[in-house]
Amino acid sequence: MIEKLIWEFDQGKSPSTLIAEGFPKSTVYLAYKRWLRMRTSGLPALKVFLSHSVADLSIVTKMHDLLSAGGITVYIAELQPQPGVLISEKIEKMIRESDYFIALLTRDGQRSPFVNYEIGVAKGFNKPIIPLVEEGVQPPLYLQQREVLWFKRDDPEKTVEWLIEYLNYIRKEKAKAALMSALATLGLVAIIGIGLLGLFSLASSKKE
């Protein structure tokens, strides 16, 4: 069944669609993680910091598993212990090194002083902020001008699917940009080489 599901993903179907068609949820996401590992292995690295309330650790774990399977480095303070290091310094370093900041805003997360502190740090570092907001929760005023991703508490995976697709699109665009830059550099080198060859040939002909 795993191979069939992987084939279905290659045809463009999402895990949510396959679950709706009657495939077991656990098997679908097992196949999805395997498919992600196979199809994203060559993409540029991307790091995200996932800000959350401790009360939402079960949701965070699901998100971490799926994002990591897609080759995305996920910084979660609790999952990367650094004994002896000041927590504030550790968090600030993780956010500074991240490409994107994901704010998990649930009923608990919205009120969490840690989440609000981390959002402030992300804004200070000018990091792109992606709010993941639980249905029924009002985003704070300072995030209401941003587009948000809504998720259901009992089915966060569906929203994470879209998030992975979005982040992998960014990674593909980075790969294209790097390739174009490399090709442009090679083209410039080739032009310089041809120019030098022309000058050398001209100088040789004058000597003759």
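The values are calculated or read from the model by the stated rules, or taken from the named source; none is laboratory data. Values in this document were obtained by computation on a predicted structure and should not be read as measured data. Positions of Cβ are generated from backbone atoms using ideal geometry, with glycine treated the same way; all protein chains shown enter the neighbour counts.
Examine the range 122-131 for a residue that is surrounded by 15 or more Cβ atoms within 10 Å (Cβ to Cβ) and out of contact with any strand residue (DSSP E or B) (no Cβ under 7 Å at 6 or more places or on another chain), and state whether such a residue exists.
Looking through the range 122-131, none of the residues is surrounded by 15 or more Cβ atoms within 10 Å (Cβ to Cβ) and out of contact with any strand residue (DSSP E or B) (no Cβ under 7 Å at 6 or more places or on another chain).
To keep it simple, each residue is scored yes or no on (1) touching a residue at least 40 places away in the same chain (Cβ under 8 Å); (2) in contact with a Phe, Trp or Tyr (Cβ under 9 Å, 6 or more places away or on another chain).
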| site | (1), (2) |
| --- | --- |
| G109 | yes, no |
| V133 | no, yes |
| G136 | no, no |
| E161 | yes, yes |
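Given the structure, is P139 closer than 20 Å to L163 by Cβ, at pLDDT below 90 and over 20 Å from the mean Cα position of the chain (by Cα)?
Yes, satisfied.
Looking at (1) closer than 25 Å to T17 by Cα; (2) touching a Phe, Trp or Tyr at 6+ places or on another chain (Cβ under 9 Å); (3) surrounded by 18 or more Cβ atoms within 10 Å (Cβ to Cβ), which is the only condition I170 fails?
Among (1) closer than 25 Å to T17 by Cα; (2) touching a Phe, Trp or Tyr at 6+ places or on another chain (Cβ under 9 Å); (3) surrounded by 18 or more Cβ atoms within 10 Å (Cβ to Cβ), I170 violates only (3).
Go through the range 59-87 and count every residue that is of a type in the set (D, E, K, R) and out of contact with any Lys or Arg (no Cβ under 9 Å at 6 or more places or on another chain).
Within the range 59-87, residues that are of a type in the set (D, E, K, R) and out of contact with any Lys or Arg (no Cβ under 9 Å at 6 or more places or on another chain) number 2.
State the number of residues belonging to the range 12-31 that are exposed (fewer than 11 other Cβ atoms within 10 Å of the Cβ) and under 17 Å from I164 (Cα atoms).
1
I'm checking my understanding of the structure. Among residues of the range 16-35 that are closer than 15 Å to E3 by Cβ and touching a residue at least 24 places away in the same chain (Cβ under 8 Å), which one is farthest from the chain's Cα centre (by Cα)?
My answer is T27.
Which count do you get for residues in the range 111-131 that are aromatic (F, W, Y) and without any contact (Cβ under 8 Å) to a residue 40 or more places away in the chain? Quick ask: steps written out before the conclusion?
Let us first name the residues in the range 111-131 that are aromatic (F, W, Y), namely 114, 117, 125.
After this cut, where a residue has to be without any contact (Cβ under 8 Å) to a residue 40 or more places away in the chain as well, the list is 117, 125.
Number satisfying all stated conditions: 2.
Tell me yes or no: at least one residue of the range 76-90 is under 21 Å from W162 (Cβ atoms) and either under 17 Å from the mean Cα position of the chain (by Cα) or at pLDDT 90 or above (or both).
yes
From the list L66, L50, exactly one residue is in a helix (DSSP H, G or I) and in the same structural domain as R107 (by TED's automatic domain parsing). Which is it?
The match here is L66.
Could you identify the single residue in A55, A69, A103 that is closer than 24 Å to N126 by Cα and either at pLDDT 85 or above or within 18 Å of the chain's Cα centre (by Cα) (or both)?
That would be A103, the only listed residue that is closer than 24 Å to N126 by Cα and either at pLDDT 85 or above or within 18 Å of the chain's Cα centre (by Cα) (or both).
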